[in-house]
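Below: one structure, written as C-alpha cells.
The values are calculated or read from the model by the stated rules, or taken from the named source; none is laboratory data. Treat the numbers as computed from the prediction; the structure is a model and nothing was measured. Neighbour counts are summed over all protein chains in view; Cβ atoms, including those assigned to glycine, are modelled from backbone coordinates with ideal geometry. For accessibility, only protein heavy atoms count, side chains too; no ligands or nucleic acids. Shrake-Rupley method; radii C 1.70, N 1.55, O 1.52, S 1.80 Å.
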Amino acid sequence: MSRVLVIGCGGVASVAIRKCCQHPEVFTELCIASRTKSKCDALAAALKDKTTTRITTAQVNADDVDQLISLIRAYKPELVMNIALPYQDLTIMDACLACGVNYMDTANYEPEDTDDPAWRAIYEKRCREKGFSAYFDYSWQWAYREKFEQAGLTALLGCGFDPGVTQAYCAYAKKHEFDEIDTIDILDCNGGDHGYPFATNFNPEVNLREVSAPGSYWEDGHWIEIPAMSIKREYDFDAVGPKDMYLLHHEEIESLAVNIPEVKRIRFFMTFGQSYLTHMKCLENVGMLSTVPVLFEGHEIVPIKFLKALLPDPASLGPRTHGKTNIGCIFTGRKNGEEKTYYIYNVCDHQECYREVESQAISYTTGVPAMCGALMLLTGKWTAKGVHTVEEFDPDPFLDALDKYGLPRRENRAPSLVE
Ligand code: NDP
C-alpha cells in the first residue's frame, strides 16, 4: 500500500512504471511527473485498463528544487523514483530531504554543463586526486550521507542493471560464494540489432558521453586510466556468441572498490560493433559530441543535443530490435582455502521485452531493477538509512525479485576468464 512519485517518462521510466503497475498490491498509487507532461498522459492512458494502480500525472522541471518541493508536498509520496537524467540527481535529492521522503535513482550525478567553472574546479581536483577523468562520480551524492541518515531517510543510488544488479551480483558472490574475492570483471553485452546504421539504446547524450570518455579500471588500490577503447577483448557470451568488448570506466567500480576493499582488480567491459565505433569516432572528430554551445545562424546550438534530436529515439527501437543481452560478473577468489571462479549473469531477449512492456531490452534491464529496488524499500526489505549503493544491501530478496519479475540469474562455476 504505497504512493510513489516517478520523475521522468522516457525509455527506462516507461518500463519501470509498467512493471510497478503489474504489482498494484504494493504500488497502489503512482504519479508520473516529467518535463513533457503529454508523454506522462499518454502512458497513463495506455495503462488505464491494464492495472488497478491509481495513476496521476504532473508537469515538473526537475532542475528546479522549488517546483519539486511543491509537487512532493502536494502528492505526499513515500518514495521518489528519479528516472529522469543524472543531471537532476542533486535537485531531486534536495527536494526529498526538504520533504522527508525516500529517494532512488538509476545513475550517479553528472552536471549538464561541464564548462561551469565552479563545477570544473572541483572536477579537476578530483581528477588529480583520484586518477580518473569521467564526468560522473559518487562524491556529489555521497556528500548527502549524513543529511539522509540524520533525517531517517534512505537514498538508493544506481538501481538499474549496471550500475545496480551488477553490484547485487557482487554482494551475492561475497555472501554465498567466496571468503575473499580477488578480481571482478563486469561484462555488458548487447547482442541486439535494431537495423539502423547508428542509434543509442538509451539517452544518446548520456550514452555517448560515457563511451567516448577514457576507460579506467581499479587495480591494487588505485585507478588506471587508458585512452578510450584502447583495451579490447573477445568473449563468447552464452546465448549471444562471440563479441568484441572494450574496457570502459563505469560508475559501480568506484563504489565496489570502497565496499569490497579486498578486491585487487575491478574492470568493466561493454560490447560494441565496428560500425558503432566508426560512427562514434567520426561524430567525435567533427565536434558533434561536444556540449559547448556553438552559434549557428543566430541560434545557440549544443552539438550533442542537436545530434540527439537527429538520432532515433531509444524508446522507438523496441519493435525493431532483435537478439539478446547478456550482462553479468565474473569473479575469481577463494572459498574455504580453495581457489575458485564464478560467473553470474542474466540473458534478456529484446523481442520478449517488447511483447511484455513495448520496450527493447536495454530499457527493460534498467527499468525492472528500478521497480525491484523500489519494492525492496517499500516492503521493508532494505531499511538502512543514509545514502547507499546496491551492494550495501542484502542481495537475496532483490535477486529473488529479479528472478521472479523478468531478469532471472544464470550461473557458471567454470567460466572462461577474460585475459
Ligand atoms: P530518456 O532520455 O529516454 O528519458 C529521460 C526522461 O527524463 C524524459 O522523460 C525527460 O523528459 C525527463 N527529463 C529530462 N530532463 C528533465 C527535467 N529537467 N525535468 C523533468 N524531467 C526531465 O532517458 P532513459 O530513460 O534512457 O534514461 C533514464 C535514466 O536511466 C538516465 O539517468 C540513464 O543514465 C539511466 N540508465 C541507467 C542504466 C543502468 O543500468 N543503471 C542503463 C540505462 C540508462 P522529456 O520527455 O521532456 O525529454
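General observations
- Within the accessible area of the chain, the carbon and sulfur atoms contribute 51%, probe 1.4 Å, all protein chains present.
- Per residue, the average separation of C-alpha pairs within less than 8 Å and at least 6 apart gives the chain a relative contact order of 20 percent.
- Using C-alpha pairs below 8 Å separated by at least 6 residues, the relative contact order for region 199-241 is 25 percent.
- Between region 164-182 and region 319-333, the alpha-carbon centres lie 18 Å apart.
- Note that the chain presents 41 Å² accessible area per residue, ligands and nucleic acids not counted, probe 1.4 Å.
- Taken along the Cα-to-beta-carbon direction at a fixed 7 Å, the label points for GLU356 and ASN336 span 3.5 nm.
- Taking the Cα centre of the chain as reference, the dipole from Cβ charges on Lys and Arg (+1) and Asp and Glu (-1) amounts to some 860 debye.
- Computed FRET value (nearest 0.05) for LYS232 with ALA414, which takes r as the C-beta separation and R₀ as 35 Å: 0.90
- For LYS37, a cut-off of 26 angstrom between C-alpha atoms picks up these lysines, skipping any fewer than 8 places away in its own chain: LYS19, LYS48, LYS50, LYS76, LYS305, LYS308.
- Taking the Cα centre of region 14-90 as reference, the dipole from Cβ charges on Lys and Arg (+1) and Asp and Glu (-1) amounts to some 300 debye.
- Karplus (6.51, -1.76, 1.60) ³J(HN,Hα), θ = phi - 60°, over region 335-348, in Hz, Gly and Pro reported as x: 9, 6, x, 9, 5, 8, 10, 7, 10, 10, 7, 10, 10, 10
- Computed lengthening from THR28 to ASP179, 0.36 nm per intervening residue step minus Cα-Cα distance: 50.3 nm
- Loop trypsin sites (Lys or Arg not before Pro), region 240-294, which have at most 15 other Cβ atoms in a 10 Å radius of their Cβ (DSSP): LYS264
- Summed over qualifying helices (DSSP H, 4 residues or more, each -39500 (n - 2.57)) and divided by its residue number, the chain shows a 222 nm mean residue ellipticity of -10500 deg cm²/dmol.
- Theoretical FRET efficiency, 1/(1+(r/R0)^6), r = Cβ-Cβ of ALA143 and THR291, R0 30 Å, to 0.05: 0.80
- In order along region 286-297, phi translates into HN-Hα couplings of 8, x, 6, 8, 6, 9, 7, x, 10, 8, 10, 6 Hz, rounded to whole numbers, per the Karplus curve 6.51 cos²θ - 1.76 cosθ + 1.60 with θ = phi - 60° and x for Gly and Pro.
- Region 263-300 and region 370-407: distance between their alpha carbon centers, rounded to Å: 33 Å
- Between the listed residues THR291, ILE304, THR325, the Cα displaced farthest toward the positive end of the dipole of region 190-347, a dipole computed from Cβ unit charges relative to the Cα centre, is found at THR325.
- Think of each Lys and Arg Cβ as +1 and each Asp and Glu Cβ as -1; about the Cα centre, that makes the dipole of region 285-400 roughly 120 debye.
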